[in-house]
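Notes to accompany the following structure.
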Amino acid sequence: MSDSSPDRPAAPVLDVWCELQCPDCRSALDDLRALRARYGDRLELRLRHFPLEKHKHSFAAAQAAEEAAEQGQGWPYVEAVLGRVEELDREGEPFLVEVARELGLDAEEFDTALIDGRHILIVDADQAEGKAIGVTGTPTYVIGGERLDGGKSQEGLRERIEEIADRLLAGAGQA
């Protein structure tokens, strides 16, 4: 069966509840990269926004990530911002637009999106869903109906995610 077959089972989903100003989310980047490298399109990684009140630029950063996704560079943008959390802390929205420019995205459109708030409903919906399922901090992962809290420690989390993903893939005949 080819990858483009409509009969192909859907890939298991790993929801990653993240906040782009969060140092723990930056620490989780290596695990996310490793998971993407190991599973490719056999595991769907979805960034879910969970901006925290204590981080002044977190709502703007979440909206900027949505604009980057709309322009086709969601994950590269998220990785670039998470890799420079201190700059986001210091510079705020101008930094978010600058990262877009560095990645070759339409920086003017980014600026407009941050002003008009076109992505705020997506961010609000993610945050509300996170709260409804018990997310209290970031990063938090949800896979196969299991919630894994990475805000306290990342230790052993990637292995647990891989264990669940492998089980789900085996059950779908994709292992």
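The values are calculated or read from the model by the stated rules, or taken from the named source; none is laboratory data. In this text, all values refer to a predicted model and were calculated from it rather than measured experimentally. So basically every Cβ, Gly included, is an ideal-geometry build from the backbone, and we count neighbours across all protein chains shown.
Does V142 qualify as being crowded, with 18+ Cβ neighbours inside 10 Å, within 23 Å of A10 (Cα to Cα) and out of contact with any Pro (no Cβ under 7 Å at 6 or more places or on another chain)?
yes
Among the residues of the range 63-76, is any closer than 20 Å to L35 by Cβ and acidic (D, E)?
The answer is no, given that none of the residues of the range 63-76 is closer than 20 Å to L35 by Cβ and acidic (D, E).
Kindly provide the set of residues from the range 53-93 that are touching a residue at least 60 places away in the same chain (Cβ under 8 Å) and surrounded by 15 or more Cβ atoms within 10 Å (Cβ to Cβ), ordered by number.
First, the residues of the range 53-93 that are touching a residue at least 60 places away in the same chain (Cβ under 8 Å): 59, 62-63, 78, 81-82, 85, 88-89.
Within the range 53-93, F59, A62, Q63, V78, V81, L82, V85, L88 qualify.
G151 fails exactly one of the following numbered conditions: (1) within 21 Å of C25 (Cβ to Cβ); (2) of a type outside the set (A, V, I, L, M); (3) at pLDDT below 95; (4) not in a loop (DSSP other than H, G, I, E, B). What is the number of that condition?
Just one mismatch for G151, condition (4).
Take S27 and decide whether it is out of contact with any strand residue (DSSP E or B) (no Cβ under 7 Å at 6 or more places or on another chain), of a type in the set (S, T, N, Q) and surrounded by fewer than 15 Cβ atoms within 10 Å (Cβ to Cβ).
Yes.
Can you confirm whether L168 is surrounded by 14 or more Cβ atoms within 10 Å (Cβ to Cβ), of a type in the set (A, V, I, L, M), assigned to a helix (DSSP H, G or I) and at pLDDT below 95?
Judged against the criteria, L168 is a match.
Looking at L29, L96 in this structure, which one is of a type in the set (A, V, I, L, M), modelled with pLDDT under 95 and part of a helix (DSSP H, G or I)?
Answer to the check: L29.
Let's see how each residue does on (1) among the hydroxyl-bearing types (S, T, Y); (2) in contact with a Leu (Cβ under 8 Å, 6 or more places away or on another chain); (3) assigned to a helix (DSSP H, G or I); (4) over 17 Å from E19 (Cβ atoms):
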{"residue": "L47", "(1), (2), (3), (4)": "no, no, no, no"}
{"residue": "K54", "(1), (2), (3), (4)": "no, no, no, no"}
{"residue": "A65", "(1), (2), (3), (4)": "no, yes, yes, no"}
{"residue": "W75", "(1), (2), (3), (4)": "no, yes, yes, no"}
{"residue": "E79", "(1), (2), (3), (4)": "no, yes, yes, no"}
{"residue": "L105", "(1), (2), (3), (4)": "no, no, no, yes"}
{"residue": "L114", "(1), (2), (3), (4)": "no, yes, yes, no"}
{"residue": "D124", "(1), (2), (3), (4)": "no, no, yes, no"}
{"residue": "K131", "(1), (2), (3), (4)": "no, no, yes, no"}
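Tell me yes or no: at least one residue of the range 123-134 is β-branched (V, I, T), surrounded by fewer than 20 Cβ atoms within 10 Å (Cβ to Cβ), touching a residue at least 12 places away in the same chain (Cβ under 8 Å) and within 20 Å of H57 (Cβ to Cβ).
no
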